[in-house]
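Structure first, commentary second.
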Amino acid sequence: MKILILGGGPGGYVAAIKAAQLGAEVTLVEKKYIGGTCLNVGCIPTKVLLNTTDLYHTIKKDGEKIGLKADNLSVDWQKLMERKTNITQSLVGGVEGVLSSYGVEVIFGEGRFTSKNQLKVKKEDGTSDTIDFDKAIIASGSQPAVPPIPGIDGENILTSREILSLEKLPKSLCIVGGGVIGCEFASLFSRLGVEVTIIEMLPGIVQNMDVEIVQYLDFELRNEGVEILTNSKVEKFNSTSEGIEISATTPNGDKIVKSDIVLLSIGRKPVVENLGLDNIGIKYNKSIEINKKFQTNVPNIYAIGDCTGGVMLAHAASAQGIAAVENIIKNGSKMDFKTVPYCVYTKPEVASVGMTEEQVKEKSINYSVGKFPLMSNAKSLILGETEGMVKFIVDNSTDEILGMHMAGPKATELIVEGALALRLEATIDEILTTIHAHPTVGEALHEAAHGVHGYPIHLPKQ
């Protein structure tokens, strides 16, 4: 079977590898670079920068408390940029090596469907290839959303792609949008001494996660000097010789924020243009329409990841890629979207899986909550990161875990336990009866589980 994959991001390249593993003849068409946004200008380079700035911030702020002395500590921005590039290139090269080992043919160029079994690829040198296929998977990804705000085309108004290539640090940064990306960049730059302002239209930052957990992040960002303007809207940008003036309406009246640069972090939109979808009658609006098998209305063509809307996360796209391939070759694979974790790599880290308390209330579910503050966790004290909490949400009628949410050190690693619990439809008792190693941050999960129908072991009686 000949399978075509259009897009080489974390959805597309994973689908290509899986299809080759299952015996298909695979061609992967990628417009620019293997790994897509995630590996090249998204998840990976951002986390490289966050890792260094986290270490810098910890030593500078708490060095003496933890027994470290560092004179004249500073961040070498150019060296950090080099490290970011080296890690990105290493990971991309690794993926290319895996694709090659499975015999996946990789073609770089812009792909457009000319029929339901044929794709034309226009290469950078002006030549073109025509690829015949039996089945195809569209994994065209997404791109930053750029709203029609007056002055938005001005100089130094950047998206997350451009800001990762700054030659030097700005003195001030205004971030439009307080979602995951916006908060990560706010955390990153504020640790480096940049004056940061977030302007967010919604009542709070990272509104897709549990409000009580996100409060820890809100507090820490403000504590680091970040100004957060919620329920606020940018009306226009005005570029001046001294920088950019951002006019915004806020609950306290009109406000002008002055900044060296602006980061547009309003979200991302699916890439559906210039793919030739109309040529073959694939249904789409803002995103490509699919069924539960990731199949479009054209039966031999599937679509996965950001281009289908919904959960725009790299790990979700990868899981969809595997499921789509298995549906093509094995005819029977489903994806459990309730187990998709959401992660914010700030300090504190914030992670969430399953239903938030707000969502449970909306559905009128009879539920209980178990919490444990990290200030009472030994490993968190050792790490010097006690601002945070673990929170379980449990259905009272069945004791099934509906959601797990956490703010604190290692939250983005530990959320896997919650995801597995949801996948297995585990009860809170199954967390309680699982022995957690000591001393670990993970013990806080065990303690929070005790708090659902009783009381945590390491909190005093109240």
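The values are calculated or read from the model by the stated rules, or taken from the named source; none is laboratory data. For clarity, every value in this text was computed on a predicted model and none was experimentally measured. Cβ coordinates were reconstructed from backbone atoms using ideal geometry, including for glycine residues, and neighbour counts include every protein chain displayed.
For this structure, a couple of remarks:
- Pairs are defined by a Cβ separation below 7 Å, a sequence spacing of at least 6 or placement on different chains, a first member in the stretch 269-282 that is in contact (Cβ under 8 Å) with a residue 12 or more places away in the chain, and a second member that is basic (Lys, Arg); the pairs so defined are 269/286; 270/286; 274/112; 275/112; 276/112; 280/116.
- Count of residues meeting criterion [more than 25 Å from the chain's Cα centre (by Cα), among the hydrophobic types (A, V, I, L, M, F, W, C) and assigned to a helix (DSSP H, G or I)] in the stretch 49-82: 1
- Cβ pairs under 6 Å, 6+ apart, first in the stretch 435-462 and closer than 13 Å to residue 370 by Cα, second basic (Lys, Arg): 448/371; 451/371
- Residue list for the stretch 245-274, filter: in a loop (DSSP other than H, G, I, E, B) and over 25 Å from the mean Cα position of the chain (by Cα): 251, 252, 260, 274
Here's the yes/no breakdown for (1) within 24 Å of residue 321 (Cβ to Cβ); (2) more than 27 Å from the chain's Cα centre (by Cα); (3) not assigned by TED's automatic domain parsing to the domain that holds residue 258:
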position	(1), (2), (3)
106	yes, no, yes
117	yes, yes, yes
121	yes, yes, yes
127	no, yes, yes
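- In summary, residue 423 fulfils each of the numbered conditions (1) closer than 23 Å to residue 341 by Cα; (2) modelled with pLDDT under 95 with the single exception of condition (2).
- On inspection, residue 235 fails the criterion of being assigned to a strand (DSSP E or B), outside the structural domain of residue 111 (by TED's automatic domain parsing), in contact with a Phe, Trp or Tyr (Cβ under 9 Å, 6 or more places away or on another chain) and charged (D, E, K, R).
- In the set (1) in a helix (DSSP H, G or I); (2) of a type in the set (Ser, Thr, Tyr); (3) buried (at least 16 other Cβ atoms within 10 Å of the Cβ), the condition left unmet by residue 85 is number (3).
- Answer residue from the stretch 361-400, given it is among the charged types (D, E, K, R) and touching a residue at least 12 places away in the same chain (Cβ under 8 Å) and is surrounded by the most Cβ atoms within 10 Å (Cβ to Cβ) among those: 391
- Check on residue 99, within 29 Å of the chain's Cα centre (by Cα), in a helix (DSSP H, G or I) and crowded, with 19+ Cβ neighbours inside 10 Å: yes
- Any hit, the stretch 424-431, residues being over 25 Å from the mean Cα position of the chain (by Cα), part of a helix (DSSP H, G or I) and under 14 Å from residue 391 (Cβ atoms): yes
- Of all residues in the stretch 168-193, those that are more than 19 Å from the chain's Cα centre (by Cα), in contact (Cβ under 8 Å) with a residue 60 or more places away in the chain and surrounded by fewer than 24 Cβ atoms within 10 Å (Cβ to Cβ) total 6.
- All positions within the stretch 101-148 that are over 21 Å from residue 308 (Cβ atoms) and of a type in the set (Lys, Arg): 120, 122, 123
- Any hit, the stretch 245-258, residues being in contact with a Gly (Cβ under 7 Å, 6 or more places away or on another chain), assigned by TED's automatic domain parsing to the domain that holds residue 180, within 28 Å of residue 344 (Cα to Cα) and surrounded by 19 or more Cβ atoms within 10 Å (Cβ to Cβ): no
- Whichever residue in the stretch 134-149 is modelled with pLDDT under 95 and among the hydrophobic types (A, V, I, L, M, F, W, C) and, among such residues, is farthest from residue 294 (Cα to Cα): 146
- Evaluated against (1) at pLDDT 95 or above; (2) surrounded by fewer than 19 Cβ atoms within 10 Å (Cβ to Cβ); (3) under 30 Å from residue 202 (Cα atoms), residue 271 falls short on exactly one condition, (2).
- Single residue of the stretch 121-163 satisfying the filter (charged (D, E, K, R) and in a strand (DSSP E or B)) that is surrounded by the most Cβ atoms within 10 Å (Cβ to Cβ): 135
- Filtered residues of the stretch 385-421 (kept if out of contact with any Asp or Glu (no Cβ under 8 Å at 6 or more places or on another chain) and in a helix (DSSP H, G or I)): 413, 414, 415, 416, 417, 418, 419, 420
- Among residues of the stretch 118-169, those that are out of contact with any helix residue (DSSP H, G or I) (no Cβ under 6 Å at 6 or more places or on another chain), within 30 Å of residue 236 (Cα to Cα) and basic (Lys, Arg), counted: 1
- Scan of the stretch 194-224 for residues that are in a loop (DSSP other than H, G, I, E, B) and surrounded by 14 or more Cβ atoms within 10 Å (Cβ to Cβ), ordered by number: 194, 200, 201, 202, 204, 205, 206, 207, 209, 210, 224
- Selected residue (only one of 42, 63, 94, 67 is closer than 22 Å to residue 322 by Cα, modelled with pLDDT under 95 and either touching a Ser or Thr at 6+ places or on another chain (Cβ under 8 Å) or exposed (fewer than 15 other Cβ atoms within 10 Å of the Cβ) (or both)): 42
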